[in-house]
Amino acid sequence: MSKTILVIDDDVDFLRLMKHVLELQGFEAELKPSPQAGLKYFEENCAEIKLAIIDVLMPGMMGPELVKRLRTLQPEIKVLFASAYAIEIVDEATQRPFPLLHKPLKPKQAIEKIRGILAEDSQPTFMAASGGH
């Protein structure tokens, strides 16, 4: 069973750190530096993706809009938003806030959140990643 986690963020340093943290924990990390690249990859590989970690604020498309597009392909996709800002994004489907990974990244906290999300039942869950540029 694949444990691929798709990380979409325009911050290359965040992508590198996430790759390191995820691979140390036995996950396969697929990194994309833009919403467009992430969406294209997801369209071709959505069955293998177990979680998408998505920056909230990116050029070209905001994280919540990207999640809407991903859900048209895989409605049950679990998402973790990442952001340097204290924000709350409400899931339109559940009317509950999405989980949020705060930047700068704290690896232990990130892995705990990721494992918690992956352990949940098939309820869609979103977490966002946003860079404070």
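Can you bin region 4-129 into rounded, prolate or oblate? Criterion: square roots of the alpha carbon gyration tensor eigenvalues sorted a ≥ b ≥ c, rounded for a/c under 1.5, prolate for a/b above b/c, oblate for the rest. Rounded, since a/c falls under 1.5. Once each of the GluC sites (Glu not before Pro) sitting in a DSSP loop with at most 12 other beta-carbon atoms within 10 Å is removed, the chain keeps 1-75 as its longest stretch. Near the amide H of ALA82, under 5 Å away, which other amide H atoms are found, from residues 5 or more places off or on another chain, if H is placed in the peptide plane? Close amide H contacts, sequence-distant or interchain: ILE54, ASP55, VAL56, LEU101, ALA128, ALA129, SER130. Computed extension length for GLU23-ASN45: 6.0 nm, one decimal, from 0.36 nm per residue of separation with the Cα-Cα distance subtracted. Projecting the Cα atoms of ILE8, LEU105, LEU73 onto the charge dipole of the chain, computed from C-beta unit charges around the Cα centre, puts LEU105 farthest toward the positive end. Of the DSSP H helices in the chain, none is both long (alpha-carbon extent of 30 Å or more along the helix axis) and hydrophobic (Kyte-Doolittle mean at least 1.6).
Label-to-label distance, ALA86 versus GLU65, with points set 7 angstrom from Cα along the beta-carbon direction: 2.8 nm.
Shown here for region 39-90: chymotrypsin sites (Phe, Trp or Tyr not before Pro) in loop regions (DSSP other than H, G, I, E, B) with at most 16 other Cβ atoms within 10 Å, namely TYR85.
Bear in mind these aren't lab numbers, they're just calculated from the coordinates by the rules spelled out. Everything numeric in this text was worked out from a predicted model, so none of it was measured. All Cβ positions, even for glycine, are placed from backbone atoms using ideal geometry, and neighbour counts span all protein chains on display.
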